[in-house]
Amino acid sequence: GGAVPLSYRVGLGDDPEVPRILREFTDVSPEAWYGESLAFVFQRGLFQGTSATTFSPLQAMTRAMGAQVLWRHAGAPGQALSLPGSEVLSSAWYASAVSWAWESGILCGDRAGTCAPEALLTREMLVTLLWRYAGQPAPSAALVGFADQADVSAWALDAVTWAVELALLTGDTP
């Protein structure tokens, strides 16, 4: 597929829906620093929460969750399930999203070559999913200025560099 636009302006400002959305979830404070962002992704159907009354904002994200968000952003494309490996069951809540992400080359195998949908999504993995979804654009410069840049895995270097260029990842510099 072609490049997919990923830029959004999150500031919802005085949107009267934000307080209502935040009140729907018993585990989200209306004063939470991430409140506007949560309302933004919820309004657009990218995230739905973990139940009718919980969002679980402190829950770690899995590879399946990451695939699900991008699948929804892509419009939840319907296609025949082509499940990667025996660890993804057709009855799993994420089966369509993981199948789409796998077939699209967005979600690739882990070190063991398996899909590992329940594995936790690291920052490297997350930006690599976003980078692949955006069409794997080449970064315009090398990754420099970060004390831990040598810790970036080789398979994620272009994605992390791209994410830093777009300010999707920021950090402390030495």
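The values are calculated or read from the model by the stated rules, or taken from the named source; none is laboratory data. Quantities reported herein were computed from a predicted structural model and do not represent experimental measurements. We place every Cβ from the backbone using ideal geometry, glycine too, and count neighbours over all the protein chains shown. Quick note on the areas: whole protein, heavy atoms, side chains included, nothing else; ligands and nucleic acids left out. Shrake-Rupley method; radii C 1.70, N 1.55, O 1.52, S 1.80 Å.
Note on region 64-95: residues that are among the polar types (S, T, N, Q) and at pLDDT 90 or above amount to 1.
On the given criteria, is L168 open to solvent by 80 Å² or more (accessible area, probe 1.4 Å), in contact (Cβ under 8 Å) with a residue 40 or more places away in the chain and over 14 Å from A67 (Cα atoms)? In short, yes.
All but one of (1) surrounded by 14 or more Cβ atoms within 10 Å (Cβ to Cβ); (2) within 17 Å of W71 (Cβ to Cβ) hold for E118, so report the exception by its number. All conditions are met except number (1). Apart from one condition, E103 fits all of (1) closer than 18 Å to A74 by Cα; (2) open to solvent by less than 80 Å² (accessible area, probe 1.4 Å); the exception is (2). Among the residues here, A39 qualifies as open to solvent by less than 50 Å² (accessible area, probe 1.4 Å) and either modelled with pLDDT of 85 or more or outside any loop (DSSP other than H, G, I, E, B) (or both). Pairs linking a residue in region 122-150 that is in a loop (DSSP other than H, G, I, E, B) to a residue that is open to solvent by less than 40 Å² (accessible area, probe 1.4 Å) and among the aromatic types (F, W, Y), with Cβ atoms under 7 Å and 6 or more positions apart or on different chains, are P137/W162; P139/W162. The number of residues in region 100-114 that are small (G, A, S), at pLDDT 85 or above and either part of a loop (DSSP other than H, G, I, E, B) or farther than 17 Å from M125 by Cα (or both) comes to 2.
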